[in-house]
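Colleague: My questions will all concern the structure given below.
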Amino acid sequence: MATVTTYQQWLADGSPWKPSNPSAALALACKAHGTVYGIIGDVTTHLKAKPPEDHCPYSATPWPVAQPYPYVLAIDIMTTSPVVAQRIIAAKRAGRLPCLKYINWTDADGRCWHTSWQASEATKTSTDTGHIHCSWRSDHVTCAHATGFDPFVNQTLEVDMDPQGQDIVKGVSNAQALADIWYATVGQTVEGGGSSTDGGRFKAPLRFKEIRTAIANLASNPPTLTQAQINALAKATADQLIASQTNSLTAADHAGIVADVQAALRAGTGAGK
């Protein structure tokens with residue numbers, strides 16, 4: 001049969017479809033938490049749409065390579081939780097979900113957004129409300145990147161601190177991991193400084209990229225911080241994390257956060273060497 005590009009051709013071909021691996025992985029997470037989800041589209045809204053998009057096995061909008069028929073490169077997660085959405089976005093930015101093409105999500109103020117990576121990150125308003133929609137890259141249809149990923153729980157990155165503070169590369173990695181944690185918990189709530197179309201809510205992602213770039217540069221020319229500077233930075237970071245309303249940290253965690261940040265800063269900047 002010729003290439004399938006329409007609903008009628010798909011019916012004539014026997015209506016085959018398969019979930020892409022990322023869709024199947026998030027479906028397992030939804031099942032584990034009793035959350036409704038959808039992969040193959042419904043007839044009226046998706047399968048007969050012109051053009052057919054990622055809920056269709058014959059999508060006309062794959063990226064960056066041709067549609068891998070009959071795989072479906074999307075999933076709808078039937079929640080509007082901004083926490084769940086931000087975990088998915090943070091995972092994409094941290095390299096955990098390179099398979100993600102775009103996500104439609106709703107913020108805490110009820111505004112719907114479309115955040116895409118085709119290829120650079122961009123965010124604009126969306127009308128796809130009432131759920132979280134994830135579309136996947138067409139070159140990651142059988143990848144394992146989403147395996148074990150669960151956006152319904154806090155899967156904090158493990159930070160392996162170097163107790164001797166001698167390994168600069170490990171120190172930079174520690175600092176980057178802490179920056180990822182900061183972004184996932186505090187950065188998403190930062191307001192102000194954005195464009196006229198985003199209401200200022202997307203200054204944090206731009207600032208986060210700047211932070212990661214600056215941290216990476218430490219590997220080639222690490223500065224030396226005084227102990228007083230390290231203490232001040234560690235306390236400020238801990239204060240922000242405790243004050244955030246998007247995590248479960250309490251005042252009892254303050255001392256531990258301070259100690260971890262101090263260790264990362266010492267290892268990542270060459271302090272005390």
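Read-outs throughout are calculated quantities, based only on the coordinates presented, and are distinct from any laboratory measurement. Every value quoted in this text rests on a predicted model; they were computed, and no experiment measured them. Glycine gets a Cβ as well: all are built from the backbone with ideal geometry, and neighbour counts include every protein chain shown.
Colleague: Among 42-53, 61-72, how do they line up by average Cβ neighbours within 10 Å per residue, starting with the highest? Let's see the in-between values first.
Modeller: Numbers: 42-53: 13.7, 61-72: 17.7.
Most protected by this proxy first, the peptides run 61-72, 42-53.
Colleague: Could I ask something else about it? Report ³J(HN,Hα) in whole Hz for each residue of the range 20-29, in order, from the Karplus equation J = 6.51 cos²θ - 1.76 cosθ + 1.60 where θ = phi - 60°; Gly and Pro get x.
Modeller: 5, 4, x, 5, 5, 5, 6, 5, 4, 5
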